[in-house]
Amino acid sequence: NLQLVWLRSDLRIHDNSALAAAAANGPVVAVFLRSVAQWQTHGHGATKLDFWTRSVAAIKASLNGLNIPLLHRDIDHYNEAAQVLLDIAHEHQITQLHFNYEYALNEQHRDQSVLDAFKQAGIAAQGHHDAVAFAPGSLLTGKGDYYGVFTPFSKAWHKQVTAQQLALRDTPGVQSPLEIDSDPLPALPSLDNDPVDKRLWPAGEEAASDNLERFLRFRGRHYNQQRDFPNVRGTSELSPYLALGMISYRQCLQAVMSENDGHLADGDAGLTTWVNELIWREFYQHVAVGFPQVCRHQPFQEHTKQLRWRDDDKGFQAWCEGRTGYPIVDAAMRQLVTTGWMHNRLRMITAMFLSKHLLIDWRRGEAFFMRHLIDGEFCANNGGWQWAASTGTDAAPYFRIFNPTTQSTRFDPEGEFIAHWLPELKPLPKKARHAPPQDMLNPTGYPAPIVDHKAARQRALDAFKALSK
Ligand code: FAD
């Protein structure tokens with residue numbers, strides 16, 4: 001009665017729906033299909049792929065402790081998945097395959113092709129909705145549509161969520177050893193960019209749950225006040241772990257409830273604000289299923305297709321390299337490239353700067369983020385970019401264009417974040433770091449702004465106004 005669990009971006013043994021279901025039905029073998037070429041076409045860079053590789057090694061060690069062997073196969077593209085899994089199923093006389101659904105379009109197609117192939121071969125296969133409380137399509141508006149706006153989605157989520165949806169799934173016990181060996185894990189082939197320092201992001205469930213515990217103990221209750229200040233460690237920094245499933249949203253929510261008298265929507269304002277962010281994560285996963293055009297490089301808002309983005313390679317390059325002359329933007333871009341992560345407030349500022357001040361196609365920025373982010377995840381990244389570019393669900397209205405200098409003085413008041421990432425500006429008086437005057441710039445080598453805020457703002461407004469709805 002051997003069960004096969006196919007692990008993907010759910011690299012944990014605790015609270016894993018597919019693994020728990022497999023273990024409830026018989027002894028388990030696990031498999032990981034590495035699809036480097038496919039992931040590169042999705043834009044993931046070395047940092048994410050390196051983290052993925054380290055995370056597979058971490059779960060292999062945990063599975064080993066349960067006597068669950070981990071098979072490892074390399075495939076170039078998703079269309080090979082079904083055959084490789086069927087071969088394994090035949091070789092080991094597997095009774096049933098289990099996996100947790102992923103919701104971006106290529107992953108949906110891959111999963112469907114696997115389900116179809118197993119059906120045809122007469123072998124049971126079951127997908128589980130594990131990464132979200134509500135399977136996409138099961139939380140809809142009164143008219144029966146997918147939500148395209150966050151607030152009503154979140155209200156409905158809170159109203160309808162049940163204790164059963166949030167209950168932790170069983171951790172498998174130690175099984176009797178099988179006569180199947182784990183495969184050695186091959187090293188990652190060399191890629192055209194280098195991963196960030198591995199020590200910044202230790203892989204594995206333990207690192208993830210330590211992070212959660214520290215966050216809730218020291219920062220959770222201040223989250224609503226501190227989350228917008230990039231120089232304060234105010235957020236959980238759990239995104240890389242959530243993206244690869246080293247921790248689940250259920251584990252996060254259960255931990256919140258035990259800190260907050262069992263509540264998710266009431267009680268401590270820091271904790272409930274944080275819960276909302278986890279619901280944003282789920283919202284964008286539903287959006288990817290309900291509005292699949294967003295997975296095809298299309299804007300959510302149809303009419304914004306006609307927007308005339310500027311062809312400006314020089315501007316794009318300056319943005320990528322942190323040389324726009326707007327210190328908060330440049331400091332943020334250096335944080336991204338150096339650490340693989342960027343603070344949420346800065347993701348909004350830099351994304352808006354590219355799509356509005358430079359009027360450069362948001363898809364170029366989305367791809368650059370994906371290449372560098374360790375937490376790069378299609379639904380959240382696409383959702384965030386379309387929000388900033390005012391082309392998406394619940395988008396920022398096009399006329400609300402962040403002034404980067406005002407954002408900088410509000411959220412990095414002492415210019416400390418700027419000084420950390422742009423040491424050339426450290427000698428400047430704190431207040432001058434947000435927008436250094438020309439006479440102070442010369443000795444620093446830091447560039448003057450590549451666009452004027454007012455003129456750039458007007459250009460963006462004109463471009464959006466020219467769209468017919
Ligand atoms: P916390 O503030 O502690 O939030 C907890 C968790 O909630 C996060 O780890 C994340 O899983 C989720 N979350 C928080 N905010 C959002 C959001 N707006 N949308 C979806 N989920 C959210 N997040 C990613 O995980 N991957 C991405 O590729 C990604 N790209 C983004 C691109 C842009 C342009 C923008 C504006 C946002 C993007 N985000 C992305 C969302 C958000 O910036 C990060 O999730 C957050 O900064 C991660 O830090 P944290 O773990 O400390 O978050």
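The values are calculated or read from the model by the stated rules, or taken from the named source; none is laboratory data. These numbers come from a predicted model, not from an experiment. Every residue, glycine among them, receives a Cβ derived from its backbone with ideal geometry; neighbour counts consider all protein chains shown.
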Evaluation of Arg323 against (1) within 13 Å of the ligand (Cβ to nearest atom); (2) surrounded by fewer than 24 Cβ atoms within 10 Å (Cβ to Cβ); (3) of a type in the set (Lys, Arg); (4) more than 21 Å from the chain's Cα centre (by Cα) (one fails), failing number: (1)
Got at least one residue in segment 338-347 being more than 28 Å from Ala131 (Cα to Cα) and aromatic (Phe, Trp, Tyr)? no
Looking at Asp375, is it near the ligand (Cβ under 9 Å from one of its atoms) and of a type outside the set (A, V, I, L, M)? yes
Residue list for segment 349-367, restricted to those being near the ligand (Cβ under 8 Å from one of its atoms) and under 23 Å from Lys305 (Cβ atoms): Ala351, Gly365, Glu366
Among helices (runs of 4 or more DSSP H) completely within segment 401-469, the ones holding 1 or more residues that are under 20 Å from Leu336 (Cα atoms) are 404-411, 416-421
Long-range neighbours under 6 Å by Cβ, at least six apart or interchain, first residue within 17 Å of Ala269 (Cβ to Cβ) within segment 212-241, second among the aliphatic types (A, V, I, L, M) and surrounded by 17 or more Cβ atoms within 10 Å (Cβ to Cβ): Leu216/Ala255; Gly220/Leu271; Gln226/Val232
Of the candidates Gly270, Gly262, Gly290, the one satisfying the condition of being in contact with a Phe, Trp or Tyr (Cβ under 7 Å, 6 or more places away or on another chain), farther than 30 Å from Glu414 by Cβ and not β-branched (Val, Ile, Thr) is Gly290
Given Pro177, Pro152, which one is modelled with pLDDT of 95 or more, surrounded by fewer than 13 Cβ atoms within 10 Å (Cβ to Cβ) and not aliphatic (A, V, I, L, M)? Pro177
Just checking, does segment 309-316 include any residue being buried (at least 17 other Cβ atoms within 10 Å of the Cβ), assigned by TED's automatic domain parsing to the domain that holds His357, touching a residue at least 40 places away in the same chain (Cβ under 8 Å) and not aromatic (Phe, Trp, Tyr)? yes
Condition check: closer than 21 Å to Trp341 by Cβ, more than 12 Å from the ligand (Cβ to nearest atom) and of a type in the set (A, V, I, L, M). Does Ala187 satisfy that? no
List the pairs whose first member sits in segment 422-433 and is on the phi > 0 side of the Ramachandran plot and surrounded by 15 or more Cβ atoms within 10 Å (Cβ to Cβ), whose second member is at pLDDT below 95 and of a type outside the set (Asp, Glu), and whose Cβ atoms are under 6 Å apart, counting only residues at least 6 apart or on separate chains? none
